Amino acid sequence: MRAALLCVLLAAPVLLVAGSPVYKSDNGTVPLVIWHGMGDSCCNPLSMGAMKKMIEEEISGIYVLSLMIGKNVVQDTENGFFLDVNEQVSMACSQLTQDPQLKGGYNAMGFSQGAQFLRAVAQRCPSPPMKTLISVGGQHQGVYGLPRCPGESSHICDMIRKALNSGAYSDFVQKHLVQAQYWHDPLNDDLYKKHSLFLADINQERAVNETYKKNLQLLEKFVMVKFLQDTVVDPVDTEWFGFLKTGQAKETETLQESLLYKEDRLGLAAMDKAGKLDFLATKGDHLQFSREWFTANLVPYLQ
């Protein structure tokens, strides 16, 4: 199992960069917290490790914390598949609270599933305060399909597909498979709302938690990046908080067309009207972008 997971880790599709400056704690930059996606880890030199170095090169002296969920890289990778998301979010909140570099606030950037996990942090853990949340290919309305995932040579992807197709909302699968916790079946909306342990909660599907709504609106900016040729995320509209219309699996709707927005259960409509929501798009497959694009489009939010 661990060998297979390491194969997935090395296949994580994120930009490779190099170089690392010296951190200066008193230079006035806003710290950044990053959270990796499925099949990756905090410190993979081909993905999150490289991303951390690139950001440090672009913003001299910035403090970048790449979240490790677990005691080591292998645990961090495994937990991205098998550890209850609610527990992962709780672990992340604990790390943030205990880090003295973040006490004045921080920006956050999540990659793929790490993006919706960081949104849960914003909703549940307002201290220290998250200032800007950048979602890079995040699945904020969940997914209904797993066409391709990192590490096709391993058995992990096939196992996930079989589990989701056979019973995504069974208690066992929900508790032990991360991807099931943001599986959103538009053909079984009642099952989703009743049994989804994570996504249905943070998206206010069962009831409106006013604390979640208040905390999310504390963000200065919520930036969502969609990959226009994405072959991993289905439907891709979820990266901009859109999704399939309930009751069928072909026609999609935008965030602004959804009940979530019209009823403003999360405060997203208010944030949109206040100019706090930014929707960016880039050509390419899931998490595939150039350093030039990243520097021109995302670095300004971090400065």
- Ranked order, Y301, Y182 - accessible area, probe 1.4 Å, largest first: Y301, Y182
- Query: Once the Cα atoms of segment 210-263 are picked out, what are the Rg and Dmax in Å?
  - Reply: 13.1, 36
- How much net charge surrounds P126 when only other residues with a Cβ under 14 Å from its Cβ are counted (Lys, Arg +1; Asp, Glu -1)? +4
- Item | Projected area averaged over orientations for segment 170-273, convex hull of C-alpha atoms, nm² | 7.2
- Per residue convex hull volume, Cα atoms of segment 40-126, in Å³: 97
- Item | Fraction of the pair-distance distribution of segment 63-103 above 16 Å, Cα-Cα pairs, percent | 36
- How big is segment 173-231 by the Kirkwood estimate over distinct Cα pairs, in Å? 13.5
- In this structure, the FRET efficiency calculated for R206 and S127 from their beta-carbon separation, with R0 = 35 Å, to the nearest 0.05, is 0.85
- Summing Lys, Arg as +1 and Asp, Glu as -1, what charge do residues with Cβ under 15 Å from the Cβ of I202 carry, I202 excluded? +2
- Task: Return one quarter of the surface area of the convex hull spanned by the alpha-carbon atoms of segment 28-89, equal to its mean projected area, in nm².
- Result: 4.5
- Fully extended contour minus Cα-Cα distance, from Q75 to A296, at 0.36 nm per residue: 76.2 nm
- Note on the structure: Taking N as the residue count of the chain, its alpha carbon Rg divided by 2.2 N^0.38 Å gives 0.93
- Taking placed amide H atoms and a strict 5 Å upper bound, the residues 5 or more places from S66 or on another chain that come that close are I34
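The values are calculated or read from the model by the stated rules, or taken from the named source; none is laboratory data. These numbers come from a predicted model, not from an experiment. Heads up, the Cβs are rebuilt from the backbone with ideal geometry, glycines too, and the neighbour counts pull from every protein chain shown. Areas reflect the complete protein model, heavy atoms only, side chains present, ligands, DNA and RNA absent. Shrake-Rupley method; radii C 1.70, N 1.55, O 1.52, S 1.80 Å.
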